[in-house]
Amino acid sequence: MASTQSYGANNGRRATRAVALVGPAGTGKTSLAEALLFASGMIARQGSVDAGTSVGDASPEARARRGSTEINLLNFDYLGDHYALIDLPGGAGFAADGLAALQSADMALVVIDPVPERAVLAEPMLRRLDELGVPHAIFVNKIENAGAGAIRGLAAELQPMSREPLALRQIPLREGEHVTGYVDLALERAYRFQPGKESLRVEMPGEAIARERSERTHLLETLADFDDALMEALLMDEEPETALVMADLAVDTGANKLVPVLLGSALTGGGVRRLLKLLRHEAPSPDAASTRLGAEGGGLHVFKVANGGAMGRLALGRVLGAALAEGDELMAGGEAARTGSLFFVQGDKTAKRGEARPGDVVAVAKVETARAGMLLGSKGSAGHELLVEYPARNAALAITTRERKDDVKLSTALHRLCEEDPALEWTQDDASHETILRGINDEHLQVVIDRLQRRYGLPVNTRPPSIAYRESIRKGASMRGRHKKQSGGHGQYGDCVIEIRPRERGEGFLFEDRITGGAIPRQYIPAVEIGIHDAMLRGPLGFPVVDVAVTLVDGSFHSVDSSELAFRIAGRMAMSDALA
Ligand SMILES: Nc1nc2c(ncn2[C@@H]2O[C@H](COP(=O)(O)OP(=O)(O)OP(=O)(O)O)[C@@H](O)[C@H]2O)c(=O)[nH]1
Ligand SMILES: [Mg+2]
């Protein structure tokens with residue numbers, strides 16, 4: 001490893017905190033990881049994803065796409081403590097890679113874009129963190145470009161997506177078009193960003209005072225819900241002690257009772273040192289994760305198997321409950337295995353270590369039984385399996401080797417790739433002699449093809465599978481389809497509202513008419529059904545749709561312009577949109 005820092009050394013230090021960087025694609029997670037490494041002194045120069053110089057995204061697939069195609073593991077020290085970063089890919093095709101890792105993080109940073117339309121894409125992740133019970137904070141990145149009032153609206157917009165109250169911790173300070181600093185609402189201090197350095201304390205600008213007071217009051221009221229002493233102080237109109245406010249923030253965030261919202265810029269480093277302090281004070285010890293996963297007795301939470309590096313097959317995971325040393329016994333499903341070498345991982349580099357402390361994120365060689373999602377027991381614990389919910393595979397590709405002699409190599413390579421990527425599946429179709437890859441989306445499968453070529457030297461030909469795929473739905477939906485045309489002479493008007501829901505496999509299609517009061521005249525209803533069938537010939541994935549129930553619930557018509565054709569088109573529109 002490039003750095004001379006000896007992270008992970010023992011000697012009375014706090015346990016390592018593992019922090020997951022999550023959020024929608026392209027919000028700046030990998031850039032923020034880089035900024036954290038730089039601000040902590042782990043690296044001497046801040047690299048960039050765009051220039052291909054970041055510590056993370058070091059794989060050729062990620063470099064080529066200027067975005068993460070798998071998780072990045074990174075380590076740094078800050079004020080004597082050790083931190084492990086797990087940077088998750090945000091792209092839909094790659095997001096499955098980090099889902100298991102999320103479970104054992106002490107804290108997650110949800111990195112979002114300040115533009116509200118893009119910020120709301122964080123909803124699925126906010127919900128998942130709530131389900132998992134992982135404490136988290138929101139980091140509003142790219143703040144230098146945030147429009148006026150952006151942050152004010154943001155918290156309100158995101159609140160319905162979070163079970164816990166959001167607590168805005170900073171408000172932006174602007175000069176002209178740009179955000180150039182922030183006010184810390186707990187400390188009531190204003191700071192100006194200084195690129196690459198600690199922010200400079202400045203006088204609170206007069207125009208910020210009123211807003212600061214009102215946002216601070218809001219923050220204190222949120223905290224008072226969990227602290228009677230603070231509530232009392234507020235009711236008596238007393239200014240609470242800063243130490244009390246800071247202590248409440250740390251405890252409540254660590255216990256996942258509230259979600260702090262911070263702001264900054266990975267690119268310029270603005271707010272990044274403030275974020276480091278938040279991690280130091282508010283990320284809880286790994287004991288909480290150990291309890292959550294049932295690893296108090298000692299274990300390794302394996303979140304990924306990696307076959308791509310120079311070290312061969314490695315189990316990536318978090319050490320919980322007890323220290324782990326090379327040669328220790330790990331239990332999986334009643335079977336014992338001995339750990340091989342232990343490594344710390346920094347991007348695409350590994351550094352060997354004899355022992356890992358509880359809380360450390362490590363790569364372990366030789367544990368052949370390890371799979372993503374397993375908690376391997378150490379020190380006599382039995383270990384168990386943890387459930388990870390992966391997204392559906394919506395893309396398929398038929399592949400053939402360019403040279404016949406590569407066929408055996410291909411199945412070995414695919415076995416390895418599927419082992420490290422739970423979202424990937426492959427099957428051999430005997431009838432068509434095709435090898436079928438199934439993955440999340442086309443982009444995902446393209447990365448798999450790239451890996452086959454680069455890692456295993458296997459160029460393959462690809463084409464759409466000839467297998468007769470069918471598609472269906474997993475959730476119900478309600479949709480209106482309205483076809484309206486008014487271009488001289490006779491117009492066209494058809495309007496229907498349908499509800500769709502999934503049926504059991506093999507139950508086929510069901511159409512029910514629940515129109516009352518003549519919202520759609522009788523003679524047009526068969527046309528709506530024909531339109532629905534039209535849409536089912538080719539679903540959103542391009543395959544015929546099966547096993548769906550459709551109920552026609554409402555609609556409207558026009559005494560002159562309505563026709564069978566117009567209702568058929570309306571039916572098709574409603575069904576296409578509902579399926580999507
Ligand atoms: N202006 C600005 N751009 C940023 C900032 N942080 C990141 N970017 C840019 O945003 C783009 C995406 O950055 P990444 O760090 O790759 O984002 P990511 O969240 O890791 O993306 P995925 O891994 O694909 O989910 C790059 O072009 C970065 O240069 C920031 O603070 N300000
Ligand atoms: Mg990334």
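Once you place label points 7 Å from the Cα toward the Cβ at E385 and A336, how far apart are they in nm?
In this crude spin-label approximation the distance works out to 2.3 nm.
Amide H neighbours of L316 under 5 Å, counting only residues 5+ apart in sequence or on other chains, H built in-plane at 1.01 Å?
Here the answer is F303, K304, V305, A306, V364, since their amide H atoms fall under 5 Å of that of L316.
Less than 16 Å apart at the alpha-carbon level, and either on another chain or at least 8 residues along: which lysines does that give for K29?
Excluding near neighbours in sequence, the set is K142.
Please report the antiparallel percentage of DSSP beta bridges with both residues in region 17-289, rounded to the nearest 5. Numbers along the way, then the final one.
Values: 21 of 41 bridges.
Counting only bridges with both partners in region 17-289, antiparallel ones make up about 50 percent.
Given H placed on each backbone N at 1.01 Å, which residues far from T69 in sequence or on other chains put an amide H within less than 5 Å of it?
A62
By count of other Cβ within 10 Å, fewest leading, how are H82, H533 ordered?
Values: H82 24, H533 16.
Exposure proxy ranking, most exposed first: H533, H82.
What's the ranking of 258-265, 145-152 by average number of surrounding C-beta atoms within 10 Å, highest first?
Numbers: 258-265: 24.1, 145-152: 15.2.
Highest-to-lowest ranking by the protection proxy: 258-265, 145-152.
Going by C-beta contacts inside 10 Å, put H136, H218 in order with the fewest on the left.
So the residues, fewest neighbours to most, are H218, H136.
Can you check what the net charge comes to around F557, using other residues whose Cβ is under 13 Å from the Cβ of F557 (Lys, Arg +1; Asp, Glu -1)?
-1
Counting only DSSP beta bridges with both residues in the chain, tell me the antiparallel percent, nearest 5.
75
With a 10 Å Cβ neighbour count serving as the proxy for reagent exposure, in which order, fewest first, do R522, R572 appear?
The most exposed by this proxy come first: R522, R572.
Once phi is turned into ³J(HN,Hα) by the Karplus curve 6.51 cos²θ - 1.76 cosθ + 1.60 with θ = phi - 60°, what whole-Hz value does each residue of region 167-176 show in order, with x for glycine and proline?
10, 5, 9, 9, 10, x, 10, 10, 10, x
Read-outs: derived from the displayed coordinates by stated rules, not from any lab. Model, not experiment: these values are computed from the prediction. Counting neighbours? That spans all protein chains shown, and the Cβs are built from the backbone with ideal geometry, glycine included.
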